[in-house]
Amino acid sequence: MRVFFLALLAFFAWLGAAVAGESIILQSTTSTQNSGLLDWLLPKFEKKAGIRVKVVAVGTGQALKNAARGDGDVVLVHARALEEAFMRAGHGVLRRDVMYNDFVIVCPKEDPAGIRGTKDAALALKKIARTKTRFVSRGDDSGTHRKELALWRAAGVDPRGESGTWYLEAGRGMGATLNMAAALGACTLTDRGTWIAHNNRGDLTIVVEGDPKLFNQYGVILVNPKRHPHVKEKAARAFIDWLTGPEGQRLIAGYRLNGQQLFFPNAGGDGKGAHDGRDDPAGAADHQGQQPAEREFRGIR
Amino acid sequence: MENTFTQAFVEAFRMLAHLDADVLEIVGLSLEVSLTAVALAAIVGMPAGAALALHRFPGRQPVVVLVSALMGLPPVLLGLVVYLMLSRSGPLGVLGLLYTPTAMIIAQGMLVLPIIIALSQRAIAGMWDEYAELMRSLNVRGWRLIGTMLYEARFALMTVWLAAFGRAIAEVGAVMIVGGNINHATRVMTTAIALETSRGNLTLAVALGVVLLLLALMVNVGVYLVARLSGDDKAVTA
């Protein structure tokens, strides 16, 4: 029985190796997948470099945890504080800014919380809480969820005490959360990329946008090959260089849906204030992940 | 709403009529993973089920109850356990199997194993009264008895395979975690449906669901025909 079991394992290992080839695993977020960005970018990289990029799309929190276990070569996520903790813990060896867009608050057209046009996202959330307007939270430790919790803190409201009443923690990806909000006639916080690409918006419309606090920076990280020797460092670096290089950046800027640009390239910083000298005001001072790209950020709308 | 369903059926038949390459790949992988998982689980599970039905040994009753209970195992829990085993930081991490079809086969195989054991046991126990005397008089026992009874029960066992296959192909929780739903690598029907739903492409999601149903229907018809051509369709239709 034991021999049989071992033989079976060996067979599976062989099977696994047979289908592998030159490929890397990218742990990424639901927003990059649901917005269609990765489907647009990756075939071009694969054609050029001959390296397959296999995408596992989960929330930022889970992507970083999976990567910390060694289950991935590259991470592409959007939660600055988590990314920096990941680097400090030695799980990653290289982090670069890649692109940004922004978050928006979407509500049903009739604007039940009366926040349309509010420029202050925290104030808008405060009004949502006061009017007990239904709000669907990602509730999945993703980058968007982190951003939402930070906004609640800024609003001085702890909505989790109301969980299950007007505050609904979905525990799902961005698209699934938008489906829920559309079905319930509720408000939610979404990244603009997923919003533009989403085909089931129901009655929802953007009511709050443009607050600098809604800035959404994406970063790419190489998983530490010293800690996880199976990490395909060469292929992973090739991908990171391409993504943050001229071609990747140009393609990110060129990704449009319904005539709208979804992501704005801003590579050039390594997260420590470095700058490669290109005309790129965004990457330079991006340490807090808030102020730097504001000038361009205002140009999104 | 009605519109969504009409469009979904149109879309589903368009996919099938055009033999859309992406859809074919996903259908192919779904079949490959679930059929392999059921086949492997059957190789282990049918003799185990027969042994539970035919032999009396200490601790048999608790095993029967446990196997029965495991039929209700949530796929997502099993997926998590297999993930932790196959993760690079897990005990079997060196094999590098996470996010491969093999990992999905392992997860689905483990998922359907209790179903195959429990239902095989019941199928054979149900026939045993009829065969007990004959087998005793022919002095068939041990492994030969298990083999003989499995052969005699082959039509009833087809239903067992179908039940196991149905569970495997319809499952999404385990393959999502251990497969990762990677395009052109580990994307199967159910994870594709989940993805299109999360993209808000509800029509496409329902269309894929229609294809999945047709697929399950075809497998069932196939097994039914085999049974019928073998001159016994009672076991399958009953």
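Every number here is computed from the coordinates shown, using simple stated rules; none is lab data. No experiment lies behind these values; they were computed from the predicted model shown. Cβ: placed from backbone, ideal geometry, glycine included. Neighbour counts: every protein chain shown.
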For the protein assembly as shown, how big is the tail of P(r) above 31 Å, as a whole percent of Cα pairs? 53
Strictly over 25 Å apart at the Cα level, which of A:K65/A:K234; A:K147/A:K234; A:K213/A:K234; A:K65/A:K132 would you flag in this model? A:K147/A:K234; A:K213/A:K234; A:K65/A:K132
So how do B:M46, B:M85 line up by other beta-carbon neighbours within 10 Å, fewest first? B:M85, B:M46
Taking neighbour Cβ counts within 10 Å as the exposure measure, how do B:M176, B:M71, B:M218 sort from fewest upward? B:M218, B:M71, B:M176
Place a point 7 Å from the Cα of A:D111 in the direction of its beta carbon; the residues of the range A:125-160 whose amide N falls under 11 Å from it are none
Hey, what's the Cα Rg ratio for the range A:110-214 versus the globular rule of thumb, 2.2 N^0.38 Å? 0.95
In deg cm²/dmol and to the nearest 500, what is the mean residue ellipticity at 222 nm of chain B if only DSSP H runs of at least 4 residues count, each as -39500 (n - 2.57), divided by the residue total? -26500 deg cm²/dmol
Roughly speaking, what is the centre-to-centre gap between the range A:225-254 and the range A:75-124 when only Cα atoms are used, to the nearest Å? 23
Rg and Dmax of chain B, using alpha carbons, in Å: what are they? 20.2, 66
